[in-house]
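Q: Sharing a structure with you now.
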Amino acid sequence: MRNQDSQKCKGIKWQVIFSFLFSCLCHSVSGQLRYSILEEMRKDSVIGNIANDLGLDIKQLSLRRFRIVSRVSEKYFYVNLGNGNLYVKDRIDRETLCGREPTCFLTFDAVVENPLNVYTIHIEIQDINDNAPKFFHNNVALEIIETSSLGTHLILQNADDPDIGINSVQTYKLSDNQHFILSENTRSDGSKYPELVLEKPLDRETQNIHELILTALDGGNPMKSGTTVIQIAIADVNDNFPIFAQDVYKVSISENAPINFTVLHVKATDQDEGSNALITYSFAKISENAHYNSMFHIHPTNGEITTNENVDFEAARMYELSVEAKDSGGLVAHSKVLIEITDENDNSPEIYVTSLSTPIPEDSASGTVIALIEVHDQDSGANGEVDCQIIDKAPFQLISSSNRYYRIVTTSALDREKESSYNISILATDRGSPPLSTKKTIRLEISDVNDNPPVFMKSTFLAYVQENNLPGASIYSIQASDIDIGINAKVIYSISSLNTEDSPVSSFLSINIETGVLYAQRSFDYEQHKEFVIQVAAKDCGSPSMSSNATLVVHIMDQNDNAPKILYPSPDNGGLAFFELVPLSSEQGSLISKVVAVDADSGHNAWLSYHFTHVSEPLPFSISQQTGEIRISRVFQEKDILRHKVVVLVKDNGFPSLSATVTLSFIVADNFQQASPKLNNQLTDEDSPSNLQMYLVIALALITFLFILSVMLVIISKCKETKSSTALGSLSTNLYSPVDPRILSQYSNGTLPLPYAYNVCVALDSTESDFTFLKPSQKVPVDNLIDADDSGLANESLKDNLDTNNQVSYSKTYNSIEIIIFKMTILYKMYQGCHL
């Protein structure tokens, strides 16, 4: 339903539609919509389609959570989300909502989301004539002296109509009578009030009471009215006024006086007789004492004034009452009553904080003013005098500034880390009897000052990181705590190296300056860097800043990332196999060779084990898994093959295990001539290096030199046959220079134990030399090499014969020459094979 201002509402609707279109761009717009309805509409009456009026899609109301928001209007209206209509939810009484206001609006907000829009809806509640005029009293008693002159006015009571405008009281009508007429007057505020005007003289003896009916009419449609009965009593002539004994009565009472406490008695006399002398007491109803009249009561016949409510010295210290004495003839006399209220200690002191400095810095000097408080007591005299004190054990004291003001100052230094806040309890006690007191607590916050450095949990931290780690991964977190707060407790971390290495620590490690998380800049290699010793500095952000240091030791943990490296026999032999001559007469268990390998890893990853692989038939050799020593497992037979080719696998103990292999060839023969024919064929078929001619030229020159040297040694040995076998033994055992013991001591930490030292080896091809020279600077575990003195049974037999017969030197020399001739034969065959 729309009101008579529908044209204006249509204009507002256009504004609503424009606002809705603009909301598509802004996502959040406010608009206004106005409806006008009559009060007292039935429940579920349709006010209007609010969805259409706002330009909203009715189908989207539920999805967009359309709703009305108001703490008041939600009681009276609701929206049906199915059709978009706005309905009346409850009875609307305009007089209850707005009273006599000329306009009455109920306002609420309509909210819709996605996008968010807020519309302000004004609903004007129009008045209907639903209230009839009503007089305050159904019966009005008036009294007039029978001798009153014509034209005497008697003011009548107004009728009240809560409706407004034309629906309020418009006219008054008086019932027909002979003596009075009705007159309407208008006050300055526009309100009308009726008066009775005496039109014809009264005669009490003829009629002592006149009863009239006054009717008030409103202008509504239909018109409503209200009536009251006016009873006019005609009084006898009374020519004496009552007289009070005092013009002014004064009395004092305590503010603790109970209800119905007798204050005083007033007394008035009248010289008339009879009914004209009967006096009635009452309070005169004047605006000045309208409130006081309700606090006191006067007995109508004896003039006793009593308290009707509790009096309060702080609310009013003096009451002035106007007492009226009226005789039966209607004559009135007045007297004034002054009631003084005496104070009692019934109010506790009040504490007000007029100025408070919170928070204060913890480094505030002693004597710093914290707060200014005011103490007030509504009582007077000693009841209003107040003493204050701080009842807590805190570093504060009260200093009086005046009668009502106190300063709270510090008495010692503050420490926020020990006490971050204080509850200062102030006790105010007045000097009344009994005394009353009030307690008030002031909370004081202590602000932080950067007076504490960051602290690490310990001075040294240990971190363990596996090598081959992922670059950029976090490896450790170090924390320092600062008992300050805020920016003073914010810690920034940095690192610096304590190592003496050339590479800066920043190339290996970095730290998050805020969290203290340590990151690896690159992958670590245990074999290059086993640990990093860095200094971590924690610095707060205070001003001035404070810092502390801690040492972080990063241990790099080894992983099995290095395969075993075979040192002997050397795998770098140009692709040629390694040959070892094994005497056919060797005994079981004789040591014939040893594989020497090392692993750059450490711990379990460097534990090596040795194994034969690719064995197609049983071998007459065995290998020690721990030392790599190769020994004869059984005695050789004539039918055994002369050459055995084995592959030795060396693997570590890591996970996964890494390994290396080396190929060895063993020639079983008592001398080189015995094995020469088959070996020549095998060498011709198998060994054909690409650069064999060059190697052969070099080998021939070297063999020629060795041959000449051997001939010279034979001649020298012939000349010294008369010397002792001991000397010959010494000469024979030192044909190959031994390894310097100082070199052996440098490699005492190798994989293999002493006394095995392989400083001499026999080569059966052109790429191997007869002597191996070890340089002191080479880091090769020579303590793991096999000593040439233990290389075969032939050498052991030769050593035993030297002790008994000096002819052994001839045998040794002969064997050496035999070896040289054998090698020359092999080289010659190889040379022929290359040319063919």
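Q: List every residue whose amide H lies under 5 Å from the amide H of Leu81, counting only residues 5 or more places away in sequence or on a different chain, with H placed 1.01 Å from N in the peptide plane.
A: none
Q: Still on this model: Once R0 is set to 51 Å, what does the formula 1/(1 + (r/R0)^6) return for the Cβ-Cβ distance between Leu356 and Val455, expressed as a FRET efficiency to the nearest 0.05?
A: 0.90
Q: Would you mind computing, in nm to one decimal, how far apart the modelled labels at Glu309 and Asp44 are, each placed 7 Å from Cα along Cα→Cβ?
A: With each label placed 7 Å out from Cα toward Cβ, I get 4.8 nm.
Q: For segment 242-394, report the accessible area per residue in Å² (1.4 Å probe, heavy atoms, rounded to an integer).
A: I get 51 Å² per residue for this part.
Q: Now a separate question. Taking R0 as 41 Å, what FRET efficiency do you get between Lys645 and Ser507 from their Cβ-Cβ distance, rounded to the nearest 0.05?
A: My answer for the efficiency is 0.25.
Q: I've got another one for you. Multiply the residue gap between Asp57 and Gln625 by 0.36 nm, knock off their C-alpha separation, and tell me the result in nm, one decimal place.
A: Separation in residues times 0.36 nm, less the Cα-Cα distance, equals 195.5 nm.
Q: Could you tell me the relative contact order of segment 380-536? Use alpha-carbon pairs under 8 Å, at least six residues apart, and round to a whole percent.
A: Contact order relative to length: 18 percent.
Q: Give me the distance in nm between label points sitting 7 Å out from Cα along the Cα-to-Cβ direction at Glu385 and Ser570, one decimal.
A: A separation of 11.6 nm, rounded to one decimal place.
Q: Probe of 1.4 angstrom, ligands and nucleic acids ignored: what's the accessible area per residue over segment 508-666, in square angstrom?
A: Accessible area per residue, segment 508-666: 46 Å².
Q: How far is the Cα center of segment 463-541 from the Cα center of segment 154-226, in Å?
A: 101 Å
Q: In segment 52-208, carbon and sulfur make up what percent of the accessible area (probe 1.4 Å)?
A: Roughly 49 percent, rounded to a whole number.
Q: Could I ask something else about it? Find the relative contact order for segment 387-445 and round it to a whole percent, using C-alpha pairs within less than 8 Å whose residues are 6+ positions apart.
A: Worked out over segment 387-445, it gives 33 percent.
Q: State the Cα centre-to-centre distance between segment 94-113 and segment 419-457 in whole Å.
A: 49 Å
Q: With a ≥ b ≥ c the root eigenvalues of the C-alpha gyration tensor of segment 156-264, is it rounded (a/c under 1.5), prolate (a/b larger than b/c) or oblate?
A: oblate
Q: Can you work out the FRET efficiency for the pair Leu97 and His334, with r the C-beta to C-beta distance and R0 = 45 Å, to the nearest 0.05?
A: For R0 = 45 Å, the calculated efficiency reads 0.55.
Q: I've got another one for you. Counting heavy atoms of the protein chains only and a 1.4 Å probe, report the per residue accessible area for segment 411-458 as a whole number of Å².
A: Heavy-atom SASA per residue in segment 411-458 reads 54 Å².
Q: How many percent of the accessible area of segment 420-561 is carbon or sulfur, using a 1.4 Å probe?
A: Carbon and sulfur atoms account for 52 percent of the accessible area of segment 420-561.
Q: Give me the net charge of Leu182's neighbourhood, meaning all other residues with Cβ under 13 Å from the Cβ of Leu182; Lys, Arg count +1, Asp, Glu -1.
A: Result for the neighbourhood of Leu182: -2.
Q: By how many nm would the segment from Val111 to Met712 grow when fully extended, if each residue of separation counts as 0.36 nm and the alpha-carbon distance is taken off?
A: Full-extension gain reported as 204.3 nm.
Q: How far apart, in nm, are the 7 Å Cα→Cβ label points at Ser175 and Met223?
A: About 1.9 nm separates the two model spin labels.
Q: For segment 323-451, just say rounded, prolate or oblate: build the C-alpha gyration tensor, square-root its eigenvalues into a ≥ b ≥ c, call rounded for a/c under 1.5, and beyond that prolate if a/b exceeds b/c, oblate if not.
A: Prolate is the answer for segment 323-451, as a/c is 1.5 or above and a/b outweighs b/c.
The values are calculated or read from the model by the stated rules, or taken from the named source; none is laboratory data. In this text the structure is predicted, and so the values were computed from the model without any measurement. Heads up, the Cβs are rebuilt from the backbone with ideal geometry, glycines too, and the neighbour counts pull from every protein chain shown. With ligands, DNA and RNA removed, areas are computed over all heavy atoms of the protein, side chains included. Shrake-Rupley method; radii C 1.70, N 1.55, O 1.52, S 1.80 Å.
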